[in-house]
Amino acid sequence: MARWMCADPFIQKFVGALQGQRAKKGVFITTSSDTADAADYATRIDTKVVLIDVQQLADLMIDFDLGVASAASDVVKRIDSDF
């Protein structure tokens, strides 16, 4: 799996594109996992870049019910006092 590095050309191009549009922040999503170097790089630049790796992406998809399907569910029952 590819790893992020502080000199990662993808992140640098992304930051350059943000600056070219005068954007002050952006979200960089990867299907890899991030490294401490990438997080450090993101904190050292003026542009705010949020790094989301594959695990965080999966967690967000599950939390917000986006692109996922229920595999099973539990039914909670109560006593019907009117029966």
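Before moving on, here are some points about what is shown:
- A simple spin-label model places the labels of F64 and Q19 2.8 nm from each other, with each point 7 Å out along Cα-to-Cβ.
- Length-normalised contact order of the range 28-71 in % [C-alpha pairs under 8 Å, at least 6 apart]: 41
- Exposure proxy shown here: for V75, V49, the number of other Cβ atoms within 10 Å sets the order, fewest to most, as V75, V49.
- Each of V68, V54, V76 has some number of other Cβ atoms within 10 Å of its Cβ, and from fewest to most they run V76, V68, V54.
- Rounded to whole numbers, the Karplus 3J(HN,Hα) couplings from phi for the range 74-83 are 9, 9, 9, 10, 10, 6, 8, 6, 7, 6 Hz, using 6.51 cos²θ - 1.76 cosθ + 1.60 with θ = phi - 60°, and x at Gly and Pro.
- Here the scattering of the range 9-63 is modelled by Debye summation over its C-alpha atoms, one equal scatterer each and no solvent; at q = 0.29, 0.30 Å⁻¹ the log10 of I(q)/I(0) is -1.18, -1.22.
- Projecting label points 7 angstrom from Cα along Cα→Cβ for A71 and K48 puts them 3.5 nm apart.
- Within the listed set Q56, Q12, Q21, the Gaussian network model of the chain (springs between alpha-carbon atoms below 10 Å) gives the highest mean-square fluctuation for Q21.
Laboratory data are not the source of any read-out in this text; all were calculated from the coordinates shown. Everything numeric in this text was worked out from a predicted model, so none of it was measured. Note that we place each Cβ from the backbone using ideal geometry, even for glycine, and neighbour counts take in every protein chain shown.
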